[in-house]
Amino acid sequence: MGDTAQQGTPADTGSPPQPPRAVNGQAGGTLRNIGLVFLRQRESTVFVVAVGLFIYFAVSSTSFVTGSNLPILFTQDSAPYIIIAVAEVFLLICGEIDLSVGFTFALAPYLAYFLNSYDHVPGILAILIALLMGVVIGWINAFLTVSVGLPSFITTLGTGFVLLGIVQTTSHGEPVSIPPGLAGDVHWLGGNWAPFVWAVVLTLIMHVVLTRTQWGLHTVSVGGNLLGAREAGINVNRIKYGNFMLTGLFGALVGLQNAFVTQSIDPTAGGYLPMFYAVTAAVIGGTAMLGGTGTVIGAFFGAIVIGMLTDGFLILGVSANPLPIIFGAAVLIAMIANVQLARLRARGAS
């Protein structure tokens, strides 16, 4: 009897098996942890803003997500700023800035045009020389900043004016069409979605360089603690020279892409606007203006945000006049959010 009763007791209760009570709590805790991990990423704020803006403009106007508008959004309104912003991130992280990159943008296609039209240099070679010119401009900026000792703000402000004068003098302020000898088969550079493909590929490459290579580690070290980086044996001058030349190269690349996309070489293209938009994209993406921290992926989404604001308001028929107000507010809000997230990350690490 006793044995029988003992065996039947668990089975004869008639109650269904109860699930573990901790499951719901564990699920909630997991979601909360995922949310905290996401918020601690520098790119989280700008990513949420980008998604929100895309939904807003898509709901507000069906023209926003059409096959005719999306190439303009990503190829013309976003890709140039993505590519320049990626390079500016490296400079900003190591405590420098390049204000002249927009004028390198303007000069590169003119140099290729003159080489091809007047010196009969083959199109591909003219393009390569124009890209090399961007590297040389970056080297000059680095020499004046690193070797001579001028602040990069002053250096690149001065070289920017020089480049502007060269563009205006050689072009007489008049746009020109791309000559047939230069056009050729350049779909890989500026046709259809090519600029955005370049932007994505360069973003991924430079993200790996920043986060997984010695060059990226040294760039962060130079910006975070210049004296400490020197004492650790890092060649600070080499890092800064390299990042200035990278920015010049990317500026020239974007200028050539813009010329082939628009099929026109315009002296008013480039200038300070692409540079300011690129720096804005880097800042709202999570890169510190004072150096030491930055994110290439954040700059990518920051440029997408700028592109959507520019394109979206145009689609909705809103005047472009208030755009600077919005961009200025975006920088301030992004900086506030970045400061708060930095504190959150610091508390999480402690």
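The values are calculated or read from the model by the stated rules, or taken from the named source; none is laboratory data. This is a predicted model, so every value here is computed, not measured. Neighbour counts are summed over all protein chains in view; Cβ atoms, including those assigned to glycine, are modelled from backbone coordinates with ideal geometry. Just the protein is used for accessible areas: all its heavy atoms, side chains included, with ligands, DNA and RNA removed. Shrake-Rupley method; radii C 1.70, N 1.55, O 1.52, S 1.80 Å.
State whether one or more residues within region 42-52 are of a type in the set (Gly, Ala, Ser), open to solvent by less than 70 Å² (accessible area, probe 1.4 Å) and modelled with pLDDT of 80 or more. Yes, that holds for at least one residue.
Please determine whether any residue of region 205-214 is surrounded by fewer than 17 Cβ atoms within 10 Å (Cβ to Cβ), of a type in the set (D, E, K, R) and closer than 30 Å to Met289 by Cα. Checked region 205-214: at least one residue is surrounded by fewer than 17 Cβ atoms within 10 Å (Cβ to Cβ), of a type in the set (D, E, K, R) and closer than 30 Å to Met289 by Cα.
Pro180 meets each of the listed conditions (1) closer than 30 Å to Leu70 by Cα; (2) surrounded by 15 or more Cβ atoms within 10 Å (Cβ to Cβ); (3) modelled with pLDDT under 95 apart from (2). Annotation note: of Gly312, Gly298, Gly291, Gly307, the sole residue that is small (Gly, Ala, Ser), surrounded by 17 or more Cβ atoms within 10 Å (Cβ to Cβ) and either assigned to a loop (DSSP other than H, G, I, E, B) or without any contact (Cβ under 8 Å) to a residue 40 or more places away in the chain (or both) is Gly291. A residue that is over 21 Å from Leu70 (Cα atoms) and among the aromatic types (Phe, Trp, Tyr) can be found somewhere in region 250-263.
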